[in-house]
Each structure stands twice: as C-alpha cells, then as structure tokens.
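Trainee: Here it is, the structure, as structure tokens.
The values are calculated or read from the model by the stated rules, or taken from the named source; none is laboratory data. A quick note: this is a predicted structure, and the numbers were derived from the prediction, not measured. Don't worry about glycine lacking a Cβ; one is built from the backbone with ideal geometry, like all the others, and counts go over all protein chains shown. We work out accessible area using only protein heavy atoms, side chains counted, and drop any ligands, DNA or RNA first. Shrake-Rupley method; radii C 1.70, N 1.55, O 1.52, S 1.80 Å.
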Amino acid sequence: MELTLFIITALVALGSAIMVITRKSPIISVLFLVLTFFCLAVFYVMLGAQFIAAMQIIVYAGAIMVLFLFVLMLLNLRGDQNWEVSGPLRKWLGWIAAGGVLLVVITAIQSVTGFNTELDPAVGTVSSIGDALFNRFLLPFEIVSVMLLGAIIGVVAMVKRKPSTEDEEEGGEA
Amino acid sequence: MDMVIFIASLVKMSIAVSVVMGLATLLTWVERKQSAVMQDRLGANRADIFGIRIIGLFQPIADAIKMITKEDFVPPFANKWLHTLAPVISFAPVLMVFAVIPFGPPIEVAGHTITMQIADINIGLLYVFAFGGLAIYGAVIAGWSSNNKYTLIAAVRASAQMISYEVCLGLSLIGAIMIYGTLDMTTMIQQQSGYWFGWIPRWGLLMQPLGALLFLPAAIAENKRVPFDLPECESEILGYFTEYSGLRSGMFMFAEFIEIVFVSALFSVIFLGGWQVPYLTWEGFSFPWGGTIYLNIWLVKALEFGSLFFKIAVMIYFCILVRWTLPRFRYDQLMKLGWKYLLPLAIVNLLITGIVLVVLG
C-alpha cells in the first residue's frame, strides 16, 4: 500500500514539476509548484518526518508561494507573451546549471546504501527536532536566527523611503 | 491495518463530515434568525413544505435549491480552469482541518480503544496551521482568475489581511502550547483536567486569558467576518468572489460558515477543556462540596460528547453576536489593530508565559 502511494505521489510530483517549467503563464507555474511542494510533504510524512512535512506546507506552500503569486499578479504578466530567450550564451549557461544539478543528484544517489524500511518513529516528531535545535545545535541555530533577523532589519531599512531622495529610490526599486 | 480500526476510521470520517456540514447548514439559518432578533425583525420564516413552516427551518433547503439551480456563469476572458477550481481550493482545506479535532472521549469497542479523532498525529496544531493557511489560495485565485480589476484588488486585500492575522493567530496559541507542552489535541485536553483549590477547573482560558482574548479577534479576522469583512463586502467595494454565481458563490459562503464551526471547535479544545465536564468522573458527578451522583458509563460518555458540542454552540453564538453588533473596520484600522496591538500583545503574552513557566519550574 505504501509503495502504491509512493508511486502515485512521485508521478504527480514529477508531472507537476514538468508543468512548472513548461507552462507559459507564470501564475499557472506557481500553482503547479505548490502542488509539487505538496507531494514533497507527502514524502516527508511517509518517511516519518511529520514536523518537516508541516513546515514544508506552512513555509513553502503557505507563505513563500503566496508572496510569489502576489508579485506575479501585480506584475500582470500575460501568458501570450513571448518568453523564448535566444542567444547561445544563455543556452550554454542553462546546460551548465542543469548539469551541475544532475551531478549533485547523482552523488547523492550514489551515497545511498540501500532502502532502510525500518524507520525510527521518534526521529521526525516535534520534540526530537526541538531537542536537536535547542540542545545539540543551539549555537548554529542562534547564529542563523540572528542572521535572519539582520536580513529582515536590512530589508526594512532599504525599503524605508527617504523624503529627499524619492525619485532616486523609485528608480532603484525597479 | 486492523479491520476494527479501519472501519472505525471510516465511520468517524463520515460522522465528522456530516456533523460539520449539518452544523454549518443550520448556522446559515441561525445567523439569519439572530440578525432578525437583533434588528427587531421576524427573520426567515416563510419557507414551507406543504404549508408546514416550523419557524423557517426549511430555509437552508430553499437556499440550497436556489443556488444549485442558478446559472453557473464564467466571465468572458476569465481563466476557466482556475475560475472553476478556486471555490474548491477554499472549501477543501476548511474541511480537512477537522481531522485533528477530538470530538469526544475515547470509547471502547470490541476490545479496542477508539479515539474520537480522525487523525491522531503528533503535529496536531501545526497541521491546522498548514491547511488553514492554504485557504488564502482560494481567495487569491478567485480574484485573479475572474479577469476583473476589482476582484484582483479585493484578492490582494484579502490575502494581505489573512497573512497578517495568521501571524497573530499562531502567536496567540503558542502560549497555550508552551503550557501544555504538546501540539497534540487529545493531550491538550487531558492537560486541562484537574482543579485549582479543588473546585476551579484548570481550563486553558484561565491559564491563558490573554492568549484566548487575542485568539478570538485573530480568528474572526482569519474568517473574514464582520468586523473584518473587508475582503468580501459585496455590496460596497466588491469582494474577490463577485464574479461567481450559483453554487460556486455558495461554496465560498459555506466555507466561511464551516470556518466558524472550526474556530469554535478549536477554541473549545484549547481554552475550554474540550469534551470535559467539570466534576464529571468516569463513574458520575462528584462535587467538591461533597455529594456524588452515580451515572451509567454510557451516560457519562454522552454527557462528554454533548459538552463539546455545547461549548462549540456557545462559541458560534458568540461569533454571530459579534457579527451583528460591531461595524466594519477601515482597512488602515484593520492593519493597525493586527500589527500594532494584537502582535505586540501576543509577544508580551509569550514572554509572561515563559517567565511564569520558568519560575514555577
């Protein structure tokens, strides 16, 4: 039963991922990306990582993608616009990037030694992750938190308008 | 999987869905009646079947027939797929979140202990936030796919409001999570058993008064109800589902009613002790001032089930009272309330809860 579920979810994930890069309307692409994230969350649940699955949906599907959708809607991009990018340089850059990703994936797959069917049910729970974050990895966790806080303050400082240089700001934002 | 558990799950799912849908249907009628009472009118009382009226209780049926038989209109140049999908996207998550609400105490059937919760998962409350947050997509897609500038603006307004108040909603509950030390709703209810001084029930409302006070406005705003109904004020500045007709427009409204039921259920579970009845133990009432009433075990269970539904009903009634009492906020007032008052207060609540927990050890 689990295998059937995995195959169905994997097919949906692959199909929607392909749709993300082939659709012409960016809004449709974003919606398919949300579907892909959902399938990823299902995989996390099947691996026993319920907390990660919930975070996947809350953070990626629920927050980040909504912001993407927001921006795309306000830009009002039309689906019939020509998005073909020409030029050999871009094509080569694309191939190089795709090859790099493929290399990473292949290295990751090679390190897999076998399928471990026995999963420890305590690994993915909220308390075990909380324990890891606040006991074992407290220092890195706090450093990352401070960095994120710094980034947030930086964004606020950059967006804040200065009345004297308003024209310059508008030019900079675009 | 065990057959008994499997069948029990199926039964639980169908009962939960039908009870929730039934409550929401009834709610459309209760809301009309209550608004009539508060505005000194009689309210919906004309719908009849063969001349039998029973104070307008057939009104929801009449409404349903009207909505189903109306034309399902798609505006020209609208994105037909997304326009059709949007009501479903806003409807489905609200039903899904009921999976983690424990509707009653565990009961024993054929040697199995069956919890009255569809999905007994470790992340309980996080699941609620995960799927509750998805309702934004329904609003955003509806507004965009209608190919109408006004609905697009309304969708942006709606999603800005929902994102803002989601933050307060989450933070207002974190205090309660800290006290209970769990995200699982069944454990939360168990943590609320016991009494202070032998007679005050240890309900979340008394442990987290500020949290409960912050949760209610945030939840009503998340529901997009008066006084926070800016996203859908159809009569004045157009809402995101203006371009919908018939059953699809009805689905948006029905989703809102289900959300009211859900918010009431969540409040009852986290702050009002869930299905617990004060002084009721497994063999009957035993009052702190002495005196015991022995009850049959099944009667006790029935009382506990009824207790949760009574609490939900009280909370629903409260939401309706708020709906017909307060005027609508302006958009800037709404944002100010969310970010400048509710959010700092929620953080203060967290701080106080943390200090108290450390002091008490």
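Trainee: Out of the residues in the stretch B:231-264 meeting the condition of being farther than 20 Å from residue B:318 by Cβ and of a type in the set (Asp, Glu), tell me which one is least open to solvent (accessible area, probe 1.4 Å).
Mentor: Looking at the filtered set, the residue picked out is B:232.
Trainee: Quick one: residue B:120 ticks every box in (1) assigned to a helix (DSSP H, G or I); (2) surrounded by fewer than 24 Cβ atoms within 10 Å (Cβ to Cβ); (3) in contact with a helix residue (DSSP H, G or I) (Cβ under 7 Å, 6 or more places away or on another chain); (4) within 13 Å of another protein chain (Cβ to nearest Cβ) bar one, so which box is it?
Mentor: Status for residue B:120: all satisfied but (1).
Trainee: Here are some conditions: (1) within 11 Å of chain B (Cβ to nearest Cβ); (2) open to solvent by 70 Å² or more (accessible area, probe 1.4 Å). Residue A:30 meets all but one. Which one does it not meet?
Mentor: Evaluating residue A:30 over (1) within 11 Å of chain B (Cβ to nearest Cβ); (2) open to solvent by 70 Å² or more (accessible area, probe 1.4 Å) leaves (2) as the failure.
Trainee: Suppose we filter B:6, B:77 for residues that are surrounded by fewer than 16 Cβ atoms within 10 Å (Cβ to Cβ) and under 24 Å from residue B:248 (Cα atoms); which single one remains?
Mentor: Numbers: B:6 fails: under 24 Å from residue B:248 (Cα atoms).
Answer to the selection: B:77.
Trainee: Helices (runs of 4 or more DSSP H) wholly in the stretch B:297-361 with at least 2 residues that are of a type in the set (Lys, Arg) and modelled with pLDDT under 90 - which ones?
Mentor: B:297-323
Trainee: Tally up the residues in the stretch B:127-157 that are of a type in the set (A, V, I, L, M), surrounded by fewer than 24 Cβ atoms within 10 Å (Cβ to Cβ) and more than 18 Å from residue B:95 (Cα to Cα), please.
Mentor: The qualifying residues number 3.
Trainee: Against the definition (touching a strand residue (DSSP E or B) at 6+ places or on another chain (Cβ under 8 Å) and farther than 30 Å from residue B:232 by Cβ), how does residue B:102 come out, yes or no?
Mentor: Details: touching a strand residue (DSSP E or B) at 6+ places or on another chain (Cβ under 8 Å): no; farther than 30 Å from residue B:232 by Cβ: yes.
So residue B:102 fails the test.
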